[in-house]
Amino acid sequence: MKKILIAEKLDQEAIDHFKNKTNYEFIILNGTPNRKIILEKIGDVNALIIRSKTIVDRELLDAGKNLEVIGRAGVGTDNIDVDYAEKKGILVINAPEESLDSVADLAMGLIISTCRHFKTAVNRTSECNFNRKDLSGLELRNKVLGIIGFGRIGRRVAHRARAFGMKILAYDPYISSNLKDELGTELTSFEDILRKSDVISIHVPLNKTTFHLIKWEHFLLMKKGVYFINTSRGGIVDSEALLRAINEGIVKAAGLDVIEKSLEKNEEFLKNDKIIVTPHIGASTIDAQKNVSWRILEGTIDVLNGLAPEFPVNFPRLDSETKDIYTPYRQLSINLAKLLVKLNLPFDSIILNYPESLPENLRKTLTRHFLAVFLKPLVSTRISIVNSVLIAKERNLGIVESVRSGKSFENLLSVQIMDHNKVASEIIGKVYSDGYIEIIKINDFNISFSPTGKIFIIKHVDKPGMIGKITTFLGNNNINIAELQVARHEKSKTQLMVLKTDQEPSDELVNKMKSIDDIILVIYHNF
Ligand code: NAD
């Protein structure tokens with residue numbers, strides 16, 4: 001039975017729901033993550049679910065010998081060594097959409113709090129001081145909000161701010177300017193945002209290029225008296241520069257849900273009336289936490305059940321339309337790999353031919369599935385759909401994904417195993433509209449059978465008596481034949497027989513069959 005280790009607190013109702021719905025064993029630590037206990041248990045589990053506190057480093061990943069998937073209940077994966085997980089073939093998934101509205105709400109809250117001097121106002125009234133003379137704030141209507149990073153949260157903030165009558169400018173070099181009309185927002189330059197905005201709100205991810213994206217030179221370009229909001233990550237803003245900009249009156253007030261580590265003990269910063277700091281509570285709403293628990297449990301279980309991950313971090317994402325056709329194609333690519341493995345041929349490259357109608361993401365995913373099965377007997381490390389392409393590259397194998405157009409290639413998936421630029425073997429499979437799959441060609445032989453059950457594929461000399469010889473041999477060994485098909489290749493005077501049997505033959509029996517006169521090749525596989 002597969003096991004799921006839940007290392008941090010998740011919604012109990014969600015856990016109970018999925019416990020009842022699946023046969024998997026749940027190991028629930030459900031509190032502050034205890035590294036020692038996680039390390040003790042990790043070797044035995046197939047899935048690990050965490051929030052932001054568990055550090056999933058090399059030590060933990062090495063110890064997770066059976067780990068297939070790590071579910072991060074939330075967005076950021078900074079606490080996971082994703083590259084190493086990928087190398088080890090462990091899928092990382094997250095639940096990136098469940099807290100977006102909560103973060104956008106908080107950004108709006110910080111905009112209002114800074115523009116209306118909440119910190120001073122509340123501090124004063126808590127000391128029974130109702131003086132409001134210096135507390136006149138800013139009305140949001142007609143003010144310019146500059147959003148840096150116009151992704152999921154940035155757009156949600158824009159949507160909310162529009163309801164307050166704000167004019168929105170956005171800067172995001174990685175989205176199409178065609179989105180302008182659709183989003184009803186003016187996309188502009190970074191500098192324009194800095195120069196024109198009354199309020200600036202940051203919503204970019206933290207990475208090498210966005211680290212200290214906002215430096216002193218940028219504060220110098222801002223309108224004097226700008227309000228500055230950051231709910232993304234602390235490292236995106238140079239804190240020294242921000243503090244200076246506040247002290248010099250460039251920034252009138254800042255609302256920060258995230259700050260750089262160095263500021264966490266800086267009292268001058270934290271006690272400054274012009275700076276509102278919240279302890280990274282953007283996603284901390286009852287709704288977000290609940291939704292994230294449901295989503296990550298569902299996603300993790302989907303992966304353990306062999307379904308395409310909805311929010312993969314180290315794997316191509318498939319949209320919902322693609323998912324409908326994913327399952328039969330996935331099954332076919334795996335079955336093609338299983339058959340080709342049995343041929344045990346030397347090869348230096350592989351060509352996977354896909355019908356043009358398959359979306360690129362799906363083609364890439366199917367290649368990963370094929371390689372994970374096909375290369376498995378050749379590698380000593382663990383291989384899965386997550387690292388199979390990496391492993392192929394490490395071995396310098398040529399992997400070619402080719403697209404075939406035209407009616408005759410519709411629904412066909414073919415794999416050619418190449419050695420020194422020659423086709424060593426080619427198998428073609430077909431997916432029907434109802435999801436039924438068939439192998440329709442093996443090398444020179446046109447044949448059609450569904451790759452299910454116990455199957456012999458036997459190549460033999462095309463001469464009288466061969467079929468009788470083979471069926472009698474099986475019968476004498478108490479193997480009943482359920483189905484039999486023969487295809488012929490006239491030029492080579494050979495035939496290919498595909499036999500489905502009711503009983504499983506022993507390895508010894510398969511080997512014995514190989515030594516029957518005029519039999520060239522015997523493959524047996526229980527699909
Ligand atoms: P997203 O990926 O949907 O959007 C980010 C956008 O930033 C993308 O459109 C991208 O093109 C853009 N971008 C990247 N580099 C840029 C650059 N140099 N300049 C301008 N734009 C750039 O991400 P999201 O879900 O909207 O999250 C945004 C941020 O919010 C992330 O940093 C995330 O970690 C943070 N976040 C914070 C909390 C919290 O609790 N405060 C919760 C969730 C997410």
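With a 1.4 Å probe and every protein chain left in place, work out the accessible area per residue of segment 324-526 in Å², rounded to a whole number.
On a per-residue basis, 49 Å².
Can you list residues whose amide H is under 5 Å from THR188's amide H, if they're 5+ apart or on another chain and H is modeled 1.01 Å from N?
ALA170, TYR171, ASP172
Could you pull out every residue, at least 5 positions away or on a different chain, whose amide H is within less than 5 Å of the one on LYS9? Hs are placed 1.01 Å off N in the peptide plane, and Pro or chain starts have none.
HN-HN under 5 Å from LYS9: GLY31.
Mean residue ellipticity at 222 nm from the helices of the chain, using -39,500 (n - 2.57) per DSSP H segment of n ≥ 4 over the full residue count, to the nearest 500 deg cm²/dmol?
Value at 222 nm, helices only: -10000 deg cm²/dmol.
If amide hydrogens are placed 1.01 Å from N in the peptide plane, which non-local residues have theirs closer than 5 Å to the one on LYS143?
Long-range HN contacts for LYS143: LYS167.
Summarise the accessible area of segment 324-526 (1.4 Å probe, protein heavy atoms) by the percent that is carbon and sulfur.
In segment 324-526, the share of accessible area belonging to carbon and sulfur is 47 percent.
List, largest first, the extents of the alpha carbons of segment 342-387 along their principal axes, each in whole Å.
Here the spans come out as 34, 22, 16 Å, largest first.
Please work out the Cα convex hull volume for segment 100-277 and give it in Å³ per residue.
Given the Cα convex hull of segment 100-277, per-residue volume reads 115 Å³.
Please list, by residue number, every one of the GluC sites (Glu not before Pro) in segment 217-302 that is coil in DSSP and has at most 12 other beta-carbon atoms within 10 Å.
GLU248, GLU264
Given LYS41/LYS376; LYS53/LYS265; LYS208/LYS265; LYS87/LYS215, which pairs have Cα atoms separated by over 28 Å?
Going by Cα-Cα distance, LYS87/LYS215 fall outside the 28 Å limit.
Over all pairs of distinct alpha carbons, what does the Kirkwood formula give as the hydrodynamic radius of segment 41-160, in Å?
17.9
Can you compute 3J(HN,Hα) from phi for each residue in segment 267-284, using the Karplus curve 6.51 cos²θ - 1.76 cosθ + 1.60 with θ = phi - 60°, rounded to whole Hz and x for Gly and Pro?
5, 4, 6, 5, 8, 4, 4, 8, 10, 9, 10, 10, x, 6, 10, x, 8, 8
Compute the relative contact order of the chain as a whole-number percentage, counting only Cα pairs closer than 8 Å that sit 6 or more residues apart in sequence.
11
As an exercise, identify the chymotrypsin sites (Phe, Trp or Tyr not before Pro) in segment 420-499 lying in DSSP coil whose Cβ has no more than 13 other Cβ atoms within 10 Å.
TYR432, TYR436
Lysines near LYS463 by alpha-carbon distance under 26 Å, same-chain residues fewer than 8 away left out - which ones?
Straight-distance partners of LYS463: LYS342, LYS441, LYS454, LYS491, LYS493, LYS500, LYS512, LYS514.
Please list 6-18, 122-134 highest first by mean number of surrounding beta-carbon atoms within 10 Å per residue.
Sorting 6-18, 122-134 by mean packing, highest first, produces 6-18, 122-134.
What list of ³J(HN,Hα) couplings, whole Hz, do you get for segment 427-440 from phi and the Karplus terms 6.51, -1.76, 1.60, once you set θ to phi - 60° and write x for glycine and proline?
Whole-Hz 3J(HN,Hα) from phi for segment 427-440: 10, 10, x, 10, 10, 8, 5, 8, x, 5, 10, 9, 8, 10.
Going by average Cβ density within 10 Å per residue, which order do the peptides 144-155, 312-323 take, highest to lowest?
Highest to lowest by the protection proxy: 144-155, 312-323.
Could you pull out every one of the lysines with an alpha carbon less than 23 Å from that of LYS167, ignoring same-chain neighbours closer than 8 positions?
Leaving aside lysines fewer than 8 places away in the same chain, those within reach of LYS167 are LYS143, LYS180, LYS196, LYS223, LYS224, LYS252.
Over segment 100-277, calculate the relative contact order: mean separation of alpha carbon pairs under 8 Å at least 6 apart, over the residue count, as a percent.
22
Run through the DSSP bridge list for the chain and note the antiparallel percent, rounded to the nearest 5.
50
Only Cα pairs under 8 Å and at least 6 apart count here; give the relative contact order of segment 17-129 as a rounded whole percent.
Computed over segment 17-129, the figure is 18 percent.
To two decimal places, what compactness ratio does the chain give when its Cα radius of gyration is scaled by 2.2 N^0.38 Å?
1.28
Segment 30-123: which GluC sites (Glu not before Pro) are DSSP loop and have at most 16 other beta-carbon atoms within 10 angstrom?
Within segment 30-123, the qualifying GluC sites (Glu not before Pro) (loop, at most 16 other Cβ atoms within 10 Å) are GLU97.
If you plug each phi of segment 400-405 into the Karplus form 6.51 cos²θ - 1.76 cosθ + 1.60 with θ = phi - 60°, what whole-Hz ³J(HN,Hα) values come out, in order, with x for Gly and Pro?
Values, residue by residue: 10, 9, 10, 10, 10, 9 Hz.
The values are calculated or read from the model by the stated rules, or taken from the named source; none is laboratory data. Here the structure is a predicted model, which means the values were calculated and not measured. Here the Cβ is made from the backbone with ideal geometry for all residues, glycine too, and neighbour counts use every protein chain on show. The protein model used for the area step is the full one, side chains on, heavy atoms only, and it has no ligands, DNA or RNA in it. Shrake-Rupley method; radii C 1.70, N 1.55, O 1.52, S 1.80 Å.
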